[in-house]
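Worksheet for the structure shown next.
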Amino acid sequence: MSYPSKIKPITYSDAVRTFNSQDVQEDINDACGKLAFAMSAMMGKFDAISKQMHTIDLLRHTAPLRPKWDSLKQDLAELLWQFRTNSGVISGRLKREHFPECFLSSSSWSSLVFCSAVLPMAARNLDVRSGRSPYQHESLQVLQTYMSAKHAALTRSLSERVFRLSARLVVFLTEFTKLIGSHTVNGQVEMWDVSQKLSELDHQTNEVASADITHLLFTSSRMVSSAGRAPGRSKLTRKPIILDGDLTNISRAYEHADRKRNEVAHAQYSAQLRQCRTNPLAIGHTMISSFLMDEILTSESGLSLYLSIWSRLRTDCSDIFHWIKNPVQVATPSIISCYAESGTTLYLSLATALDVYSTGVDPSVYAAERREPR
């Protein structure tokens, strides 16, 4: 009897080679560019819904809806701008810049970037085969300062802002659906179903993060697939990336979210078949539900990538720190080995992709409504 071969685990060096291959870099860059475009387009969609709310207000069915909808615009603008800011901050903490060999004063260590300062300094400890490295004290100080800089704080703040805005949009859609229920509109049952499914999707899309290298590959692959790249055309999506073992619960969370997303799409299609295409209320419901779906999915894509990068970086820094502190007892971290062998790392291609996202966002789109993040 033959048995299926066990899936080979993804190693750190496998992931480094994957992220540094040209076609994968192009795929992630393309996905980040499309994500920036999709998020920028949300401001135009918001304004279109605002005009539709004004049309409905003219019918005098209820208290004015447009002021309630417009009250969300500044929150949306701040959210989208914070996505752009996050990309710039993460890229700036990772990517290669030019630094002098003497590595700056201790007062500026917290502003070091990982690939050009922290990692090369740590790798110098490989030269010492045994005993105490002359660079040990300096390296430990740099790592302690870098690790305590709370790099992910802005991403955590962004995550909270995403969930707040999504919750407010769900409330608006629910109240709007109740308004539809008090008038004779075809497809009321189907529209209620859409609203309910979207509320469930919002609750299903939780903050998911893991330091496992497989999860970083998975979130990148998921983003590339969401951008519309055919699975067989990308090295990153050609073979499914399996989240098993300690990642099983995360895999189930993604499966549940994907199942709920498909249910929303089916409910939206059923509602549109039943709706009167000239009814202002039905048109408004379709626009709002589509907008909410876009907001949930684009936010999930960006947040998952940010959180997986920070989680992996924190783990790499911790591994390096313990290795430098106890070089005899602790094995050389994979990130150090890969850097010493090929001069490559996970993070430069990811930083470049985040730069693509940042430059793909037009600041003027948010200028009128944006204020500094709270």
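The values are calculated or read from the model by the stated rules, or taken from the named source; none is laboratory data. None of the values given here were measured: they were computed from a predicted structure. Cβ atoms come from the backbone with ideal geometry, glycine included; neighbour counts cover every protein chain shown. Only protein heavy atoms, including side chains, enter the accessible area calculation; ligands, DNA and RNA are left aside. Shrake-Rupley method; radii C 1.70, N 1.55, O 1.52, S 1.80 Å.
Annotations for the structure displayed:
- Selection within segment 343-357: residues that are assigned to a helix (DSSP H, G or I) and closer than 13 Å to LEU119 by Cα. The member of this set that is most open to solvent (accessible area, probe 1.4 Å) is LEU348.
- Of residues in segment 295-305 being among the hydroxyl-bearing types (Ser, Thr, Tyr) and open to solvent by 10 Å² or more (accessible area, probe 1.4 Å), the one nearest to SER166 (Cα to Cα): THR298
- Candidates SER199, SER220, SER157, SER225: the one that is at pLDDT 85 or above, part of a helix (DSSP H, G or I) and within 22 Å of LEU348 (Cβ to Cβ) is SER220.
- Screening segment 6-87 for helices (runs of 4 or more DSSP H) wholly inside it with 1 or more residues that are under 21 Å from THR155 (Cα atoms) returns the ranges 22-57.
- Pairs are defined by a Cβ separation below 8 Å, a sequence spacing of at least 6 or placement on different chains, a first member in segment 245-256 that is without any contact (Cβ under 8 Å) to a residue 24 or more places away in the chain and open to solvent by 90 Å² or more (accessible area, probe 1.4 Å), and a second member that is part of a helix (DSSP H, G or I) and not basic (Lys, Arg); no pair meets this definition.
- Residue check for SER308: of a type in the set (S, T, N, Q), over 30 Å from THR62 (Cβ atoms) and open to solvent by less than 50 Å² (accessible area, probe 1.4 Å): yes
- Pairs with Cβ under 6 Å, 6+ apart, first in segment 301-325 and of a type in the set (Phe, Trp, Tyr), second not in a helix (DSSP H, G or I): TRP310/ALA152; TRP323/VAL330; TRP323/PRO333
- The set of residues in segment 266-294 that are open to solvent by 30 Å² or more (accessible area, probe 1.4 Å), closer than 21 Å to PHE163 by Cα and not acidic (Asp, Glu) comprises MET287, SER290.
- Qualifying residue in segment 173-182 (condition: at pLDDT below 85, under 30 Å from TRP69 (Cβ atoms) and open to solvent by 10 Å² or more (accessible area, probe 1.4 Å)): yes
- Search result, residues across segment 326-340 that are surrounded by fewer than 19 Cβ atoms within 10 Å (Cβ to Cβ) and free of Cβ contacts under 8 Å to residues at least 60 places away in the same chain: ASN326, GLN329, VAL330, ALA331
- Within segment 241-287, the set of residues being assigned to a loop (DSSP other than H, G, I, E, B) and either of a type in the set (A, V, I, L, M) or over 24 Å from PRO9 (Cβ atoms) (or both) comprises ILE241, ILE242, LEU243, GLN275, CYS276, ARG277, THR278, ASN279.
- Condition met for ALA351 (more than 30 Å from GLU190 (Cβ to Cβ), free of Cβ contacts under 8 Å to residues at least 40 places away in the same chain and among the aliphatic types (A, V, I, L, M)): no
- Qualifying residue in segment 325-332 (condition: assigned to a helix (DSSP H, G or I) and either within 16 Å of the chain's Cα centre (by Cα) or more than 28 Å from LEU217 (Cα to Cα) (or both)): yes
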